[in-house]
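Okay, structure first, notes after.
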Amino acid sequence: MTDPNYKRVLLKLSGEVLMGEQAFGIDPGFVTELAREVKAAKETGLEICLVIGGGNIFRGMAGAAKGMDRAQADYMGMLATVMNALAMQNALEQLGVPTRVQSAIEMDKVCEPVIRRRAERHLEKGRVVIFAAGVGAPYFTTDSGAALRAAEMKCDALIKGTSVDGIYSADPKTDPSAVRYDTIDYDTVLAQNLKVMDASAVALCRDNKIPIVVFSIRERGNLARVLQGKGTQTIVGTPTVKVATAPKKKAVKAPKVEKTKAVKKPKAAKAAQA
Ligand code: UDP
């Protein structure tokens, strides 16, 4: 793999990684570990936007499955993401990393509302911006929130840190013939309904040509490796060759994706926002 030369990325962490080894909630020790990874990545000069899920606390679908009104349950899920964002802000700031939390549900006692231009300024000043409450509407997830913020903040990639080390042709826990893709294109992910992100999030990234990088955040030092184009990961992007079908029991050299290009921000635009 070559150096992808990212300048600005959106890092999406699913809520469950904040649990560490626990079955529920937030493990402050593990959140500090994650914050160290983010700090190390930032020290390479990257601008970092963060989106954290809420599945370690509450998911709307789970509430709805037990008879709750779906929209009501989703709002609870969004509030869970704000708690996780505050936990991550605390951990980062204890390590000396300046941050701001911006929530799609306004909560001015604890964080800022989402204001794109203000977020832009925070990034320019070297702050990590944590976007909470997804898109701020029910029937979505934080994957969609991550894709939306990655698009509006013009991120070079959406880096998704999960408990698995990439995208597989089937669930590797239950299907021994499952193979991991190195690269795959958006439409194959959608057509095969590969459970990596919501379809709406994948489609938003496709339409805005934002590569999605899926990797395991549980391995120490992996984020830094992935940001350098090394380490185990799957990159979802635009195909440059015909889509190949995955052979069984072999790593798949799936469709090549467009090389990620860093977007240089025009100086005039920067000055206007200052
Ligand atoms: N949620 C929502 N709209 C959003 C983002 C999140 O309704 O824009 C709710 C939804 O109920 C979701 C929950 O918040 O299940 C937690 O987010 P998510 O499931 O994406 O967390 P993750 O799986 O990444 O931990």
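The numbers here are math on the coordinates, done by the rules we state, and not lab data. Everything numeric in this text was worked out from a predicted model, so none of it was measured. Heads up, the Cβs are rebuilt from the backbone with ideal geometry, glycines too, and the neighbour counts pull from every protein chain shown.
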For residues that are within 18 Å of the chain's Cα centre (by Cα) and charged (D, E, K, R), scanning just segment 42-77, find the one that is farthest from ALA151 (Cα to Cα).
ARG59
Residue match in segment 36-56 (condition: within 13 Å of the ligand (Cβ to nearest atom) and free of Cβ contacts under 8 Å to residues at least 60 places away in the same chain)
yes
Kindly establish whether SER144 is within 9 Å of the ligand (Cβ to nearest atom) and either more than 22 Å from ASP185 (Cα to Cα) or surrounded by fewer than 24 Cβ atoms within 10 Å (Cβ to Cβ) (or both).
yes
Do we have ALA157 as within 15 Å of the ligand (Cβ to nearest atom), among the hydrophobic types (A, V, I, L, M, F, W, C) and crowded, with 20+ Cβ neighbours inside 10 Å here?
no
Given the conditions (1) within 23 Å of ALA147 (Cα to Cα); (2) touching a helix residue (DSSP H, G or I) at 6+ places or on another chain (Cβ under 9 Å), and given that LYS7 satisfies all but one, which numbered condition is not satisfied?
(2)
Somewhere in segment 54-73, is a residue under 23 Å from VAL236 (Cα atoms) and among the charged types (D, E, K, R)?
no
Filter result for the condition that a residue is surrounded by fewer than 21 Cβ atoms within 10 Å (Cβ to Cβ) and either farther than 22 Å from SER14 by Cβ or touching a Phe, Trp or Tyr at 6+ places or on another chain (Cβ under 7 Å) (or both), over VAL202, VAL226, VAL236, VAL179:
VAL179
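State yes or no: is ALA65 within 14 Å of the ligand (Cβ to nearest atom) and free of Cβ contacts under 8 Å to residues at least 12 places away in the same chain? Before you say what the answer is, go through the steps one by one.
Values: within 14 Å of the ligand (Cβ to nearest atom): yes; free of Cβ contacts under 8 Å to residues at least 12 places away in the same chain: yes.
Yes, satisfied.
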Could you count how many residues in segment 112-137 are crowded, with 17+ Cβ neighbours inside 10 Å, within 16 Å of the ligand (Cβ to nearest atom) and over 14 Å from the mean Cα position of the chain (by Cα)?
2
Cβ-Cβ under 7 Å, sequence separation 6+ or interchain: first residue in segment 129-145 and touching a residue at least 24 places away in the same chain (Cβ under 8 Å) and part of a helix (DSSP H, G or I), partner more than 6 Å from the ligand (Cβ to nearest atom) and among the aromatic types (Phe, Trp, Tyr). Which pairs?
GLY145/PHE131
Are any residues in segment 90-106 crowded, with 16+ Cβ neighbours inside 10 Å and of a type in the set (A, V, I, L, M), and if so, which ones?
ALA91, LEU92, VAL97, VAL101, ALA104, ILE105
Among the residues listed as VAL97, VAL82, the single one being within 12 Å of the ligand (Cβ to nearest atom) and under 19 Å from ALA35 (Cβ atoms):
VAL82
